[in-house]
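Take a look at the structure set out below.
The values are calculated or read from the model by the stated rules, or taken from the named source; none is laboratory data. Note that the structure is a prediction, hence the values are computed from the model and not measured. Here the Cβ positions follow ideal geometry from the backbone for every residue, glycine too, while neighbour counts run over all protein chains shown. Accessible surface areas use protein heavy atoms only, side chains included; no ligands, DNA or RNA. Shrake-Rupley method; radii C 1.70, N 1.55, O 1.52, S 1.80 Å.
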Amino acid sequence: MSIAIDKEIIRKFDVPGPRYTSYPTAPVWSQEVDERVYAGILRDFGRSAKTLSLYIHVPFCQMMCTYCGCNVVIRRQEDKYGDVYLEHLSREIDLVVKHIGGKKPVKQFHWGGGTPTYLNEGQIERLFHKAAENFDIDFKGEIAIEIDPRTIDAAKLKKLRGLGFNRISLGVQDFDPQVQEAVNRRQPFDLVKECAELCRELQFQSLNFDLIYGLPFQTQDSFLRTVGKVIALRPDRIALYSFAYVPWLKKHQNKIDPKLLPSNDVKLDIFLAARSAFLAHGYQAIAMDHFALESDDMAAAFNNGTLYRNFMGYTVKPADEYIGLGLTSISFLQDTFIHNCKVLPEYYKLLHEGRLPVDRGKVLNGDDLIRQWTINHLMCQFRIDKGAFKDRFHVAFDEYFSREQRHIARCAEDGLVAAGEDAIQVTELGKIFIRNVCMGFDFYLQQDKGPGRFSRTV
Ligand SMILES: C[S@@+](CC[C@H](N)C(=O)[O-])C[C@H]1O[C@@H](n2cnc3c(N)ncnc32)[C@H](O)[C@@H]1O
Ligand code: SF4
């Protein structure tokens, strides 16, 4: 379905706002969560029968893409960097498992970064075995890895498949050489094509492409050419990210000349044109910024209400709890966020001292949990069922959110939601501006306790 959007609306809703990969958002976390708190949480978790999603972060990349908003450490391709990192990651795994007190079932296993395939084959194998010795990994579940196509060859891809990886996500971003040049990421189409074809041959179950709109030199026409090439390769899923331009947080983004960025109007046009093209070629729109073929798990999860959102973006939620290992990783366990430290020497030092490398976090209170549920439902299902809210929290939605009624009414006036007696349904327009809808339910933003500046919502 194509959507026409009034430029006035764009101007109105184009404000800085969180992407809600967590609620409460990271800027309000604090040192209330330290290694002692985390150890206690791990012990409690160990005594429970809960299952896990396990994430491992490999921060290294050989070169910095100037748009990058991820947590990365740039290092030349030398084995020693991976070896030292793995040694410390191993220590972290030992510590975490010691506190848990046993091998826990892992329903979903994900390697992200940075670039996990920065590691050589031997290192990848060692890390995988270390994880499998310490966690009970379900090989029928999702075992996924993010790949930069410039860091993979047939042998490494076969190694991944042999170990048990069954889902691949490729960083594609844009195929246009001028855009690639402007963001310091030269990656020819044929490289991605070969990699995608090999993934099919090796029978990975799901292949995802990451794309970004809003990069320098992009126009609607240029991006539609990229989209056409993507459609020809037919990945099962596509993540179409809005460029998060935050040069005050990511200094290297200052290398991008802001004059080369598409205007907000053009940026939105690019998104809408790409969206229409994917819909016209058999993809289903999944929540805010994903597309999937009907055969993909993510489409099923979206359709049956089990789609979930975490630091990886949208995911299919198969497990109760989430542990992140490695530099900057985030865990969510026993209603608490735990954020590992962000600086490599600090991460190494803490592990040398036999300490959990925790930097900060947030223990969610009752109100946080209610708002987390609400924002998660808006982001993932575009709907709040007031009956389901009452069943879960034993209070009427309209009563609990009496102060938010004005926000809901304004969203309804602007055509972002249809607010009824029994439900709040996000409209097609509201899906584009879903972050704005969620912001009205964010306690900390309302209190202006959300320090730090977010990327813009358009
Ligand atoms: C860890 S990277 C993927 C793996 C690998 N490092 C690569 O780039 O191929 C995660 C994804 O985040 C997205 N991303 C990175 N920086 C971004 C930004 N500033 N705004 C929006 N998306 C961004 C990119 O699409 C990228 O593929
Ligand atoms: S986009 Fe990927 S490859 Fe580029 S710097 Fe970021 S994490 Fe590394």
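The table for this structure:
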item: Conditions (1) surrounded by fewer than 17 Cβ atoms within 10 Å (Cβ to Cβ); (2) farther than 18 Å from residue 443 by Cα; number of the one not met by residue 380; result: (1)
item: Criterion violated by residue 112 - all others in (1) within 16 Å of ligand 1 (Cβ to nearest atom); (2) over 26 Å from the mean Cα position of the chain (by Cα) satisfied; result: (2)
item: Residue tally, condition out of contact with any Lys or Arg (no Cβ under 9 Å at 6 or more places or on another chain) and either open to solvent by less than 30 Å² (accessible area, probe 1.4 Å) or small (Gly, Ala, Ser) (or both), over region 290-304; result: 2
item: Qualifying residue in region 178-198 (condition: within 16 Å of ligand 2 (Cβ to nearest atom) and within 19 Å of the chain's Cα centre (by Cα)); result: no
item: Qualifying positions in region 159-171 - more than 21 Å from the chain's Cα centre (by Cα) and more than 22 Å from residue 62 (Cα to Cα); result: 161, 162, 163, 164
item: Residue 51 open to solvent by less than 50 Å² (accessible area, probe 1.4 Å), at pLDDT below 95 and in the same structural domain as residue 137 (by TED's automatic domain parsing); result: yes
item: Close pairs (7 angstrom Cβ cut-off, 6 or more residues apart or separate chains): at negative phi in region 320-340, of a type in the set (D, E, K, R) and open to solvent by less than 10 Å² (accessible area, probe 1.4 Å) anywhere; result: 325/92
item: Counted residues, region 74-88 - those being within 16 Å of ligand 2 (Cβ to nearest atom) and open to solvent by 20 Å² or more (accessible area, probe 1.4 Å); result: 5
item: Lone unmet requirement of (1) without any contact (Cβ under 8 Å) to a residue 60 or more places away in the chain; (2) surrounded by 17 or more Cβ atoms within 10 Å (Cβ to Cβ) for residue 349; result: (2)
item: Flag for residue 211 being open to solvent by 20 Å² or more (accessible area, probe 1.4 Å), touching a helix residue (DSSP H, G or I) at 6+ places or on another chain (Cβ under 8 Å) and within 13 Å of ligand 1 (Cβ to nearest atom); result: no
item: Unique match (being open to solvent by less than 50 Å² (accessible area, probe 1.4 Å), farther than 24 Å from residue 72 by Cα and under 19 Å from the mean Cα position of the chain (by Cα)) among 148, 236, 174; result: 236
item: Residues of region 2-33 satisfying the condition of being small (Gly, Ala, Ser), outside any loop (DSSP other than H, G, I, E, B) and either farther than 16 Å from residue 445 by Cβ or open to solvent by less than 40 Å² (accessible area, probe 1.4 Å) (or both); result: 30
item: Subset of region 1-19 (residues that are modelled with pLDDT of 80 or more and under 14 Å from residue 431 (Cβ atoms)); result: 13
item: Hits in region 65-84 - residues which are more than 15 Å from ligand 1 (Cβ to nearest atom), at pLDDT 95 or above and of a type in the set (Lys, Arg); result: 80
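Residue by residue, here is whether (1) under 16 Å from the mean Cα position of the chain (by Cα); (2) modelled with pLDDT of 95 or more holds:
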site: 298; (1), (2): yes, no
site: 304; (1), (2): no, no
site: 310; (1), (2): yes, no
site: 320; (1), (2): no, no
site: 323; (1), (2): yes, yes
site: 328; (1), (2): yes, yes
site: 331; (1), (2): yes, yes
site: 342; (1), (2): no, yes
